[in-house]
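To start, the structure itself, in structure tokens.
The values are calculated or read from the model by the stated rules, or taken from the named source; none is laboratory data. Keep in mind that this is a model prediction, so the values were computed, not measured. Please note: Cβ atoms are built from the backbone with ideal geometry, for glycine as well, and neighbour counts cover all protein chains shown. Quick note on the areas: whole protein, heavy atoms, side chains included, nothing else; ligands and nucleic acids left out. Shrake-Rupley method; radii C 1.70, N 1.55, O 1.52, S 1.80 Å.
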Amino acid sequence: MLAPLREITRLIKQNFGVGGDTVADLAEQAKNEDVELLEALETDDSEMAKAAQEASVVKLVNQILVEAANERASDIHIETEEQGIRIRYRIDGLLQNQNLPPEINRFALAIVSRLKIMARLNIAEKRLPQDGRIKMKVQGREIDVRVSIIPMIHGEGIVMRLLDKGRMSFNLKNCGMLPDIYGTFKQVIDRPHGIVLVTGPTGSGKSTTLYSALNEIKDEVTKIITVEDPVEYNQAGISQIQTHAKIGLTFGHALRSILRHDPDVILVGEIRDKETAEMAIQASLTGHMVFSTLHTNDAPSAFTRMIDMGVEPFLVSSTVEGVMAQRLVRTICPDCKAEYVPDPDAVPLDFPGRTGSVKPAPDIAIQQGVVEMMGAAAANDGKLWKGMGCRACRQGGYRGRTGIHELLINNEVMKDLVVQRVNAGVVRLEALKAGMITLRQDGWRKVLNGTTTIDEVTRTTAGDIN
């Protein structure tokens, strides 16, 4: 049977594991040109270093990196277990096991040492955590790899974060915001001063949204400065600062100096403590627009989080213009997308149009967005979409990710509530009255328009029923 080379290679990797052909042919000294390191390596004459530099080990590690890049993985997890090593790729937010040949376990130490050399780390240090960075080109695409190594009971565990610069597009319209949220968010980021916060857990796309917002407002007459830890993507036309905690260059210390550079817009990578929060507020009060991130579960909790840091409530209420909470959900594969009628018992109680559903809280029910969703559910006649599984999505039914968003715009009533130190639930009810669409509701809107599935929304959000 005639088959293309790409399919044969895929099946070899699927059945024999990533690097299977390399392990089977360890004696060959083959040069792999798929990976090009952009920095010179420093090695010593130790036996450990020599083993890590053997052509077969180099080829095996390169193949692991190439496979991850081709599969659009955001992270590579190399875990040392009692039986050997395990390699998992995080693809579209979920970890996926990679098949490995049993013989690879003999080369576990050499693989770890090779990665340490590539990340310019101490290969002899096996008792302390180490962090490094690999700059490389994979098949012509420039990729930045953040390497974290931590000692475990059976050896060292490695997690590598892949930042594929060639595939990143910082365009606010491509972040998954529906037209109403996009229009409101654009109005907020165009304001002359204040604070805009983006909240969510690690890996929810906060940095991408902020970079996209900066690119939206960037022009020749606007001075933009960022303080980040670390600087993930270099952006033309934006001045970026890398923090160094060991020498005292923290977010707060950098912000003090930034104000002397006459910026119009400032991005703070994360508000972590009282000092950073107070400096961000001071910058907004002196006429600057400040963007930053917080780790909270929803938008209303951002106010209480900053107050818990020790910031005065009246300063928080008067400076925070808007808060965007977001999550990432997997999108249905366009190649195998198909209509289906869901089982009524499998549909959550708060899904629009569900027969016998529990009514949402009154303040949620009055929103225009909910009314529109009810109409969309009726128009769909109970039909939704899902991926059936195909070659393009590796039989998973999903390919790629998009955001779901909850945008809170601060108003006079909410400002009074924040000054009174009320809990986040009270602020949330007022935001709902003002028309805020919750994360869950925005997720349902993307289910109804065929972007994602019920399972994805329930996996990433909590219900709105009171």
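Given the rule -39500 (n - 2.57) for each run of at least 4 DSSP H residues, summed and divided by the residues of the chain, what is its mean residue ellipticity at 222 nm, to the nearest 500 deg cm²/dmol? Could the numbers behind the result be given before it?
On the way: 17 runs with 159 residues, N = 466.
Here the helix-only value at 222 nm equals -10000 deg cm²/dmol.
Using a Förster distance of 60 Å, how high is the FRET efficiency between K274 and E82, based on the Cβ-Cβ distance and rounded to 0.05?
Working: r = 44 Å, r/R0 = 0.74.
In this case the efficiency is close to 0.85.
Return one whole number: the accessible area per residue of the stretch 262-309 in Å², for a 1.4 Å probe.
Values: 1650 Å² over 48 residues.
Value for the stretch 262-309: 34 Å² per residue.
Could you work out the per residue convex hull volume over the alpha carbons of the chain, in cubic angstrom? Provide the component values of the computation, followed by the final result.
On the way: hull volume 84.6 nm³, N = 466.
Residue-normalised Cα hull volume stands at 182 Å³.
Which order do you get for L417, L95, L384 if you rank them by accessible area with a 1.4 Å probe, largest at the top?
Details: L417 30, L95 60, L384 5 Å².
Per-residue accessible area, sorted high to low, gives L95, L417, L384.
Accessible area, 1.4 Å probe, largest first: how do I307, I8 sort?
Values: I307 25, I8 80 Å².
Heavy-atom accessible area, descending, gives I8, I307.
Whenever you get a sec, compute what percent of the accessible area on the chain sits on carbon and sulfur atoms (1.4 Å probe).
50 percent
Where Rh is the Kirkwood radius over the Cα pairs of the stretch 199-277, the temperature 20 °C and the viscosity 1.002 mPa s, what D in µm²/s does Stokes-Einstein return? Could you put the intermediate results ahead of the total?
Values: Rh = 13.2 Å.
Rounded, D is 162 µm²/s.
If I fit a long axis through the Cα atoms of helix 368-379 and take the longest principal axis of the Cα atoms of the chain, what angle between them do I get, 0 to 90°, rounded to 10?
The two axes meet at around 60 degrees.
Over the stretch 174-257, with the other protein chains present, what is the accessible area per residue in square angstrom, probe 1.4 angstrom? Please list the in-between numbers first.
Values: 3790 Å² over 84 residues.
On a per-residue basis, the stretch 174-257 sits at 45 Å².
Would you please state the base-10 log of I(q)/I(0) at q = 0.13, 0.23 1/Å for the stretch 188-233, with intensities from the Debye formula using one equal scatterer on every alpha carbon?
With no solvent term, the Cα-only Debye profile gives -0.33, -1.02.
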